[in-house]
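A short write-up of the structure that comes next.
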Amino acid sequence: MAKHFTPNDLAAFVYAELQHSKIKEEKPTEAVLKELFNTLYYTSLQTEEGQFVKVTVTLLDPEVIQSTEQLRYDQWKFFPFETKIEFNVKNLVKLSKAADPWSSSLSIYYDEHNKLFIYGMIDQTFHYQSYLNYEKDEKPMYPGVIQTMINGIGILNVMVDYHPIATLHQNSLVKLYPNVFEYGPVSDFIRKEASYSQEFIEKKVGHALKADDAAMYNEIIFEYVIQAISRILLKIKTYDHGGAILITKNYKEDLITKYKLKYNRIETAILHILNSVTDSDLLQDEIKSYKRKRKDIPAVLHDEFNHNQLEIDDSYNELIGAVRFVSSLSCVDGLVVMSPHLTVCSFGTVISEKALPGCVYLNKSSKISVNKVEIDPRHFGTRHQSMFAYCHQHPDSLGFVVSQDGEIRAIKNVGGQVMMWENIKVYQFERSSKIPKLPPRN
């Protein structure tokens, strides 16, 4: 019988992780963590003005905050309430309306009796969220011992800096986030299908290339493709209605299309970035050459370099806008069908293939795991079943399904077996140096 996990299980796991961490601040007791996670869990079940609660809280000692030096203008700052506020469901629900997780976090801590209070608010969390969502390259500083986010009904994400410790997803405890975009069949499929010929890349960059250089450019393209897919899935998740993306070269077979649309702006933006970055490298090499020779840099070279930087910014902004455009197509019932280069072919598309595979394999690792679990595809909803059926019949395809509760799954036919990966890594997570890597637990 499957075990049902609770906030107390989350507290026990996080407590154990923190004990072997290198966090310099005082580590909370397991009792404090139980109060924290139970209160947040029951808060996630509430509504305020007809909307479910989403809020982030940061466990941060207010005495430590006041001694923290601000190094940058856009760095986070703590703003205390005149009087500390009791940490309970009612107060969290009310304050959540003023603490959009994209802009701020509630700062909480415990007193000498291990009782939690809300001491104030932290601003500038927009930069933290932007980094997690691949909309910012520079990693900003972030405060506190741990951050806990309410991301849905009964869904709590616990973070140290940019490292996810664990997620309580209603009654399951997630400790691993398969990096399907970096390793395994999903990554291999995207890398192969999203690559361009050497001749095509040479036309784009405007000069001849060695085979190794062409491979390097394809690797850059691959990185932007997986970033774009991640960002689309994350944006769909924010709509709270679910959605699905099908990546395939076959746009007609077993598909009933409602809205045909050729939208290639993601592909175009990625190629613009590639071209702009290439020009930037060449210009920088030329500038370095002048500096080495101790010659004055020509004004025209300065102008070209500045113009190129504007082109790079324009290309990044183009990609952000294109990602949001494609994400919004998922609001119509049905699939968004895309090519491996992420050109949209249709949306509102329905899969007509109904024949389900005998079983689906739930894979705990991004690679093909020997410990994969056999599951009945009929236990899932129509959106998942349709994707199972399509991938079963079309091995050269890749599906992503975002559930209404925000869980993101990847689906792929591997050697005749339909495999599914849950809780895949889509945020720009990074392992924190405060949490050393240990051997896997049983």
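The numbers here are math on the coordinates, done by the rules we state, and not lab data. Note that the structure is a prediction, hence the values are computed from the model and not measured. With ideal geometry, Cβ positions are generated from the backbone for all residues, glycine too; neighbour counts draw on all protein chains shown.
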query: How far, in nm, would the chain grow between ASN38 and GLN75 when pulled straight, counting 0.36 nm per residue and subtracting the alpha carbon separation?
result: 10.3 nm
statement: Burial-style ranking of 175-185, 79-89, average other-beta-carbon count within 10 Å with highest first, yields 175-185, 79-89
field: Helix-derived mean residue ellipticity, 222 nm - over the chain, DSSP H n ≥ 4, -39500 (n - 2.57), to 500
entry: -12000 deg cm²/dmol
query: So which lysines can LYS260 reach, going by Cα to Cα under 21 Å and dropping same-chain residues fewer than 8 places off?
result: LYS249, LYS252
task: Counting other beta carbons within 10 Å of each Cβ, put LYS367, LYS354 in order, fewest first.
output: LYS354, LYS367
message: Give the lysines reachable from LYS367 as a straight Cα distance under 22 Å; neighbours fewer than 8 places away on the same chain don't count.
response: LYS175, LYS192, LYS412, LYS425, LYS437
- prompt: By how many nm would the segment from ILE23 to ASN171 lengthen if fully extended, with 0.36 nm per residue of separation less the alpha-carbon distance?
  reply: 50.4 nm
- request: Holding the Cα-Cα limit at 26 Å, pick out from LYS34/LYS90; LYS27/LYS115; LYS204/LYS237 the pairs that are longer than that.
  value: LYS204/LYS237
field: Distance between modelled label sites at LEU209 and GLU86, nm, 7 Å Cα→Cβ extension
entry: 6.4
task: Mind running the shape call on segment 48-139? Use the C-alpha gyration tensor, a ≥ b ≥ c as the square roots of the eigenvalues: rounded below 1.5 for a/c, prolate if a/b tops b/c, oblate otherwise.
output: oblate
- request: Would you mind pulling out the separation of the Cα centroids of segment 241-269 and segment 20-61, in Å?
  value: 39
- request: For segment 346-367 and segment 136-174, write down the distance between their C-alpha centroids in whole Å.
  value: 28
statement: Filtered hits (aspartates and glutamates, Cα-Cα < 14 Å from LYS235, offset >= 8 within chain) -> GLU135, ASP405, GLU407
statement: Simple spin-label estimate for ASN317/ASP100, 7 Å along Cα→Cβ, in nm, reads 2.0
query: Is the shape of segment 1-109 rounded, prolate or oblate, going by the alpha carbon gyration tensor and its root eigenvalues a ≥ b ≥ c, with a/c under 1.5 for rounded and a/b larger than b/c for prolate?
result: oblate
- prompt: Quick one: if you stick a label point 7 Å off each Cα along the C-beta vector at TYR183 and GLU199, how many nm between them?
  reply: 3.8
query: In a shell of Cβ-Cβ distance under 15 Å around TYR390, excluding TYR390 itself, what net charge do Lys and Arg (+1) and Asp and Glu (-1) give?
result: +2
statement: With +1 on the Cβ of every Lys and Arg and -1 on the Cβ of every Asp and Glu, the dipole magnitude of the chain about its Cα centre, in debye rounded to the nearest 20, is 880
message: So for the chain, averaging the separation of alpha carbon pairs under 8 Å that are six or more residues apart and normalising by length, what relative contact order in percent results?
response: 17
